[in-house]
Each structure stands twice: as structure tokens, then as C-alpha cells.
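One structure is given here, and the rest of the page talks about it.
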Amino acid sequence: MPAYNEEEVLDSSISEAVAALEELSDRWELVIVDDGSTDATPEILKEWSERDARVRAVTQPENGGYSRALIDGFSACRYEAIFYTDADAQFDLGHIADLYPDLRRVDMVTGFRVGRQDRPIRHVTSAVYNWLQSSLLGLRVKDVNCAFKLFRRSFFDRVELCSEGFLIDAELYARAQSAGLSWSQVGVPHRPRLSGSTTVSVSTVFETLRELRALKKSLDDAAVTPQDREPEGPLSSP
């Protein structure tokens, strides 16, 4: 769970997550990445970590962005199933149970928002983003940025994530496709954001377009085998 300046909702988000995890599993941990917050987020995490050792805080000294927070969070996880969501409490985490059965047959199970409760501008930017990633990366995904995803731990042994900004979700799909990994999609109910504000804006779409092009080039370069590459320098005959 990445968190950046979420003091208004974080305590209730953690409480709800802990309650859901208690119902779902006998053995769990909640890893929260404080992405350089400047509000009371660090203090809230410290209180929770002291109260319950299963709530673990990963603290970034400065804001490194959404993608970096998730990548560092994935690296800190210790168990065989890894789930992520945001700290804004827009999902009932009890619905993790809807995704888990599919994990027996695929490497990643992803949610798509049902009855999405966001402002109209978020609907527009999301539609544009889904079209961009579909066109540039050749993916067919209902809701690429839905922050409700469940993985086998082995998923992260097969993919190397390196995105910045907000590209992480598209990269998860693209790297999985390139590595021959499988996924399924499951609808999950969506709730309004009760407090705080999103860091996504229309300008994010244009920055993400630049990042998507860079990712596409990276994937294309990785797909070229050494035999396919043009020789560098002069050739010599035996």
C-alpha cells in the first residue's frame, strides 16, 4: 500500500485493511510505503507498527513517485501471494477473496472497477490512458490503472520493473506479456474517495505518453535476439 500525504484517511484505511486480512488469512503482513510524506503519515505508520508488528512501514526519505513506491513495496514483501492497493480506501479489501481462486491458474489477477466512483475528469483521463496503452503496447485490458492486483511471488522473479511516474500498472502488464506470464481480470466494486485528493491530472497523461513510448522501445529492444542485431564494427573472415 503506497501512501503519500494520506493523513486524513490512512488510519481508517489501515484499520479496514487489518480487519479484512484477519478474515482472509491466518498469516499476513501489511507493507505500507511512505513515499516521502510531509504530513502526519509517518507518525500514523509509527503508531501502527508499534501496535502490530504485522504492519510494516517502508519509509522513503523523499517523494520518489508512485511507481518507485510500489516497486520498493513489492521488494519488501515476504509471503507467497502479494496484493497491492492504494491508501485512499476506495475498495473493500474483503474482495481480495474474489481474486484469490484465479491465482491457482494464472500469475496475476487484476481488478477492474465496477460502478466507478470518481470525478468525470478521472473517467476521461482513464479512458485516454487505456486507449494509449492498448495502442502502443498491444494490450487488451479493461482497467489498466485499477489499484487492486494480486500476484504470485514468482511473478516478480520473472519481470524487472523500472518505470517512473504513474507507468507502473502498464509496465506490469507489458512485462508479464513479454515474459509469457498469464493474468485474469475480475470486477470489483468501487467506492468514493472520502478525503484527500488524487495526484493524477490531465498533464499526467501526456507525461505518461512519453514514458509509454520509452517502455515500448525497451520491450522492442529486449525482444531482439543477438542473432537479429546488426553487427557492430567490421567483420572478419576466418
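The values are calculated or read from the model by the stated rules, or taken from the named source; none is laboratory data. Every value quoted in this text rests on a predicted model; they were computed, and no experiment measured them. Virtual Cβ from ideal backbone geometry, glycine too; neighbours counted across all protein chains shown. Note: areas computed on protein heavy atoms with side chains; ligands, DNA, RNA excluded. Shrake-Rupley method; radii C 1.70, N 1.55, O 1.52, S 1.80 Å.
Tabulated data for the structure shown
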read-out	value
Sequence-distant aspartates and glutamates (8 or more away, or on other chains) whose Cα lies within less than 18 Å of LYS217	GLU160, GLU164, ASP169, GLU171, GLU207, ASP228, GLU230
Cut-off under 5 Å, modelled amide H: who pairs with ARG56 long-range	LEU30, VAL31, ILE32
Per-residue HN-Hα couplings for the range 130-138 [Karplus 6.51, -1.76, 1.60; θ = phi - 60°; Hz; x = Gly/Pro]	4, 5, 4, 5, 5, 5, 7, 9, x
Total formal charge among the other residues, if their Cβ is under 12 angstrom from that of SER25, Lys/Arg +1 and Asp/Glu -1	-3
FRET efficiency, 1/(1 + (r/R0)^6) with R0 45 Å, evaluated for ARG104 and ALA223 via beta carbons	0.95
Burial ranking of peptide ranges 15-27, 132-144 (average Cβ count within 10 Å, highest at the top)	132-144, 15-27
Between the range 154-182 and the range 32-106, the Cα center-to-center distance that results, in Å	18 Å
FRET efficiency for ALA127 and SER184, using Cβ-Cβ distance with R0 set to 22 Å, rounded to 0.05	0.50
Set of lysines with alpha-carbon distance to LYS46 below 27 Å, sequence-local pairs under 8 removed	LYS149
Karplus-derived 3J(HN,Hα), 6.51/-1.76/1.60, for each residue of the range 69-75, Hz, glycine and proline x	4, 5, 4, 5, x, 4, 5
Charge context of SER134, other residues only, Cβ under 11 angstrom, K/R +1, D/E -1	+2
Portion, in percent, of the accessible area of the range 28-170 that falls on carbon or sulfur, probe 1.4 Å	51 percent
Placed amide H near GLY187: partners under 5 Å, 5+ positions off or other chain	PHE112
